[in-house]
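Each remark here refers to the structure printed beneath this line.
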Amino acid sequence: MTIDLPRTAMLGVGSMSGAVLDGLLAAGLDPATVTLTTRSEASAAAHRERGLHAVATDTDPDANRAAVRGAALVVLGVKPYGIADLLAEVAPDLAPDAVVVSVAVGTTTASMEALVPAGVRVVRALPNTPVGVGLGVTGISAGASADDAAVALASSVFTASGEVVAVPESQLDALSAVSGSGPAYVFLVVEQWQQAAEALGFTPEQAATMVRGTMRGAVELLGRSGREPADLRRAVTSPKGTTERAVAVLQDADLSDTFLRASRAAIARAEEIAAS
């Protein structure tokens, strides 16, 4: 499998944009098509060891502006509070019809479009960290300036390493609360489940083998079977059996409401970031 992108600049390669980069490279992206900027020379050097052209902004103040010159695609990977300053910095050097993609939570396309020249097309994307292993889920929303070609180009960055869900921007924070934050929910469940297994007398190694193997197998079964999760749950839950008793305890905890409240808390925080 290979992926072809036009000349691309990735500005601020942190944990999320770094996972996106890992997914692209795993999908066969030619490293020569990408220019990266990072905050530190140590980080830039590590990327150069992978065959990438990477420049540190702490040693070259012009790094971001140089990276976007001639780039058809610009991916913004800095924290939300840094997006406005970064766009103001590079705006004079953006190609007239460049596609700018932000992976920052809470930064609206309208706020970005106000900072770039006319003709530059803006798209928001909110991926989750499994893009780094080819199993990501990314929400995509087009700004008012973005045409179908811009959305298709932005989407290609993420379809290389997972699935893309296109939604109106008004739904993007909610999508992020489900799939963007979702890996943390899964990791928390595994963490707590392993602790419960250890409390039952198993070693940490045994607990990890049982819980992670069960989680991996159940998710794979769900994906391959084509059946609904409720149907698969009922198949495991024999009437008056041990699993039925255990599931009743979990249902008493009202997990649906817990997940809904957690998602609404994430949405509220995204709205706070956008307003700040």
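Only the coordinates and a few stated rules stand behind these numbers; no lab work does. Just so you know, these numbers come straight off a predicted model, no measurement behind them. A quick note on method: Cβ atoms are made from the backbone with ideal geometry, for glycine too, and the neighbour counts reach across all protein chains shown.
Nearest 20 debye, what's the magnitude of the dipole of the stretch 1-137 about its Cα centre given +1 on Lys and Arg Cβ and -1 on Asp and Glu Cβ? Present the calculation step by step, with values, prior to reporting the outcome.
Numbers: 9 positive and 13 negative charges, 45 e Å.
Dipole of the stretch 1-137, to the nearest 20 debye: 220 debye.
If packing is taken as the average number of other Cβ atoms within 10 Å across a peptide's residues, how do 265-272, 171-178, 88-95 rank, most packed first?
Numbers: 265-272: 15.2, 171-178: 20.2, 88-95: 17.4.
The packing order, highest mean first, is 171-178, 88-95, 265-272.
Tell me the volume per residue, in Å³, of the convex hull enclosing the alpha carbons of the stretch 1-99.
Once divided by residue count, the hull of the stretch 1-99 is 90 Å³.
Apply 1/(1 + (r/R0)^6) to the Cβ-Cβ distance of Ala230 and Asp147, taking R0 = 51 Å, and write down the FRET efficiency to the nearest 0.05. Numbers along the way, then the final one.
Values: r = 41 Å, r/R0 = 0.80.
After rounding, the FRET efficiency stands at 0.80.
Projecting the Cα atoms of Ala125, Leu135, Thr209 onto the dipole axis of the stretch 121-273, where Lys and Arg carry +1 and Asp and Glu carry -1 at the beta carbon, places Thr209 farthest toward the positive end. Taking Cα centre as origin and charging only the Cβ of basic (Lys, Arg, +1) and acidic (Asp, Glu, -1) residues, the dipole magnitude of the chain rounds to 600 debye.
Between Ala248 and Glu220, the FRET efficiency estimated from the beta carbon spacing at R0 = 25 angstrom works out to 0.45.
Ranking Ala84, Gln195, Ser145 by Cα position along the charge dipole of the chain, where only Lys, Arg, Asp and Glu carry charges on their C-beta atoms, puts Gln195 farthest toward the positive end. Considering only Cα atoms, the convex hull volume of the chain works out to 156 Å³ per residue.
Taking a ≥ b ≥ c as the square roots of the eigenvalues of the alpha-carbon gyration tensor, the stretch 8-172 is classed oblate because a/c is 1.5 or more while a/b is no larger than b/c.
Apply the a/c threshold of 1.5 to the C-alpha gyration tensor of the stretch 101-190 and tell me whether it is rounded, prolate or oblate. Prolate shape, in that a/c is at least 1.5 and a/b is the bigger ratio. Report summary: the helix-based calculation at 222 nm, which adds -39500 (n - 2.57) for every DSSP H run with n ≥ 4 and divides by the residues of the chain, gives -15000 deg cm²/dmol. Counting only the Cα atoms, the stretch 182-272 fills a convex hull of 129 Å³ per residue.
Sorting Phe158, Phe259 by the number of Cβ atoms found within 10 Å of their own Cβ, with the fewest placed first, yields Phe259, Phe158.
So, in Å, what gap is there between the alpha-carbon centers of the stretch 133-172 and the stretch 19-74? For the stretch 133-172 versus the stretch 19-74, the Cα centre distance is 21 Å. Peptide packing for 243-256, 128-141 was compared via the average number of neighbouring C-beta atoms within 10 Å per residue; ordered from the highest value, the list is 128-141, 243-256.
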